[in-house]
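Colleague: Dropping the structure in here first, questions after.
The values are calculated or read from the model by the stated rules, or taken from the named source; none is laboratory data. What you see is a predicted model; the values in this text were computed from it and never measured. Cβ coordinates were reconstructed from backbone atoms using ideal geometry, including for glycine residues, and neighbour counts include every protein chain displayed.
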Amino acid sequence: MNKLLLSALCTIFLCMSLQAQTPPPNQPSAQPLWPNGAPGAKGNQPTDVPSYQYYPAPADKATGAAVVVCPGGGYRNLAAHEGHDIAVWLNGLGISAFVLKYRLGPNYQHPSMMHDVQRALRTVRAKAAEFKVDAARIGVMGFSAGGHLASTAATHFDAGNAQAADPIDRVSSRPDLAILCYPVITMTEGVTHAGSRKNLLGDTPDAALVTLMSNEKQVTPQTPPTFIFHTVDDAAVPIENAMLFAEALRKNKVAHETHFYEHGRHGVGLAKDDPVLSQWPLQLANWLRAHGFLTPAKVSELPAKKADRRS
């Protein structure tokens, strides 16, 4: 009887895992980031295939800007309301969205997740004409652990490899701006989110790796403009994470805007049911407008070299 129960439970959990990796019918289909398999892939199951869902902005609203969206989930799961809902909201502003399904722990650890978000940014930039977006206006957005991944993209980037056989690998992975929502930032014990750190770096990471992936320590003047929001009483990810990153941006004279709310649970997403927290998307929209993401522009009118800025 126990064996039968255990088998049934395993089947249920497997089905739940596969469902979590497969977009519902009313959502865009998942496109693999590497058609021939991701570097370091341990198999060919859905969990081994990082991908993106492309949400094109409506033609009558499209500004040409794009954002790669990284849902949260402690580097163990992907929160649906921080993917599809955010993409639909961005579309309402005229911004095309690419919801990233990155690899997760415990099967995968750093640098797999970083490679996935970098590849997503390169893909959108390399195929800008196909996606009808501006190669010089590609942002990254993340929530919770996805916020750590987005901050990783904003601090660990390169100009691409001009000699690469794959044309996607020849372009820059630097986002043109970053949006961090109640983000995990540091890997420092006592301040980080313990589950995210364990799933990303393992049980006993080397001190140098902890420093490397504490992204407040990796900010430079080349880090892109950043928008941050967090709540003071977040019980899952301490607000110090956002504060550390904001202070690093200030010291490096990087343009940024930070909003701290007095109250609000972790993982609120768009916070549609909260009259106070629901203001953060409006503030973000104003910030995006100030940074040119809501202004229509023809890709052909922009200098191609802007998309290949050196890190």
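Colleague: Say we look at the stretch 232-287 and pick out the residues that are without any contact (Cβ under 8 Å) to a residue 12 or more places away in the chain and assigned to a loop (DSSP other than H, G, I, E, B); which of these is farthest from I86 (Cα to Cα)?
Modeller: The qualifying residue farthest from I86 (Cα to Cα) is P275.
Colleague: Can you say whether Q218 is surrounded by fewer than 22 Cβ atoms within 10 Å (Cβ to Cβ) and either more than 21 Å from E189 (Cβ to Cβ) or touching a Phe, Trp or Tyr at 6+ places or on another chain (Cβ under 9 Å) (or both), as far as the supplied structure shows? Please lay out each step first, then the result.
Modeller: Values: surrounded by fewer than 22 Cβ atoms within 10 Å (Cβ to Cβ): yes; either more than 21 Å from E189 (Cβ to Cβ) or touching a Phe, Trp or Tyr at 6+ places or on another chain (Cβ under 9 Å) (or both): no.
Answer is no for this residue.
Colleague: For the stretch 156-174, what are the residues that are within 21 Å of N215 (Cβ to Cβ) and either out of contact with any Asp or Glu (no Cβ under 9 Å at 6 or more places or on another chain) or among the charged types (D, E, K, R) (or both)?
Modeller: Matches in the stretch 156-174: H156, F157, D158, R174.
Colleague: Assuming D169 fulfils every condition listed in (1) in a loop (DSSP other than H, G, I, E, B); (2) charged (D, E, K, R); (3) surrounded by fewer than 23 Cβ atoms within 10 Å (Cβ to Cβ) apart from one, which condition is it?
Modeller: Of everything listed in (1) in a loop (DSSP other than H, G, I, E, B); (2) charged (D, E, K, R); (3) surrounded by fewer than 23 Cβ atoms within 10 Å (Cβ to Cβ), D169 misses just condition (1).
Colleague: Looking for whichever is hydrophobic (A, V, I, L, M, F, W, C), crowded, with 18+ Cβ neighbours inside 10 Å and over 17 Å from the mean Cα position of the chain (by Cα) here; the options are A126, A154. Which one fits?
Modeller: Matching residue, one of A126, A154: A126.
Colleague: Tell me the residue from V237, V191, V210 that is crowded, with 23+ Cβ neighbours inside 10 Å, among the hydrophobic types (A, V, I, L, M, F, W, C) and within 18 Å of G74 (Cα to Cα), please.
Modeller: Matching residue, one of V237, V191, V210: V237.
Colleague: In this structure, does R119 turn out to be basic (K, R), within 18 Å of H266 (Cα to Cα), at pLDDT 95 or above and not in a strand (DSSP E or B)?
Modeller: Details: basic (K, R): yes; within 18 Å of H266 (Cα to Cα): no; at pLDDT 95 or above: yes; not in a strand (DSSP E or B): yes.
When the stated conditions are applied, R119 does not pass them.
Colleague: Among the residues of the stretch 251-262, write down those that are closer than 12 Å to H230 by Cβ and either at pLDDT below 95 or of a type in the set (S, T, N, Q) (or both).
Modeller: Within the stretch 251-262, just T258 meets the criteria.
Colleague: Quick check on my filter: what residues within the stretch 29-40 are without any contact (Cβ under 8 Å) to a residue 40 or more places away in the chain and outside any strand (DSSP E or B)? Outline the logic, then answer.
Modeller: Going residue by residue through the stretch 29-40, those that are without any contact (Cβ under 8 Å) to a residue 40 or more places away in the chain are 29, 31-32, 35-37.
Passing the criteria: S29, P35, N36, G37.
Colleague: Only one of these is in contact with a Lys or Arg (Cβ under 9 Å, 6 or more places away or on another chain) and either at pLDDT below 95 or within 22 Å of G267 (Cα to Cα) (or both): M187, M243. Name it.
Modeller: On inspection, the qualifying residue turns out to be M187.
Colleague: Go through the stretch 88-115 and report how many residues are part of a helix (DSSP H, G or I) and either among the small types (G, A, S) or surrounded by fewer than 24 Cβ atoms within 10 Å (Cβ to Cβ) (or both).
Modeller: 7
Colleague: Can you find even one residue in the stretch 53-67 that is more than 18 Å from A129 (Cβ to Cβ), out of contact with any Lys or Arg (no Cβ under 8 Å at 6 or more places or on another chain), surrounded by fewer than 20 Cβ atoms within 10 Å (Cβ to Cβ) and touching a residue at least 12 places away in the same chain (Cβ under 8 Å)?
Modeller: Yes, some residue in the stretch 53-67 is more than 18 Å from A129 (Cβ to Cβ), out of contact with any Lys or Arg (no Cβ under 8 Å at 6 or more places or on another chain), surrounded by fewer than 20 Cβ atoms within 10 Å (Cβ to Cβ) and touching a residue at least 12 places away in the same chain (Cβ under 8 Å).
Colleague: Then there is this: Of A136, A159, which residue is surrounded by fewer than 24 Cβ atoms within 10 Å (Cβ to Cβ), in contact with a Leu (Cβ under 6 Å, 6 or more places away or on another chain) and under 29 Å from K217 (Cβ atoms)? Even if it seems obvious, please write down each step before you answer.
Modeller: Details: A159 fails: in contact with a Leu (Cβ under 6 Å, 6 or more places away or on another chain).
Of A136, A159, the one residue that is surrounded by fewer than 24 Cβ atoms within 10 Å (Cβ to Cβ), in contact with a Leu (Cβ under 6 Å, 6 or more places away or on another chain) and under 29 Å from K217 (Cβ atoms) is A136.
Colleague: Do any residues in the stretch 99-111 that are closer than 17 Å to A79 by Cα and charged (D, E, K, R) have Cβ atoms under 6 Å from those of residues that are modelled with pLDDT of 95 or more and part of a strand (DSSP E or B), where the two are at least six apart or on different chains, and which pairs are they?
Modeller: Between residues of the stretch 99-111 that are closer than 17 Å to A79 by Cα and charged (D, E, K, R) and residues that are modelled with pLDDT of 95 or more and part of a strand (DSSP E or B), the close pairs are K101/S51.
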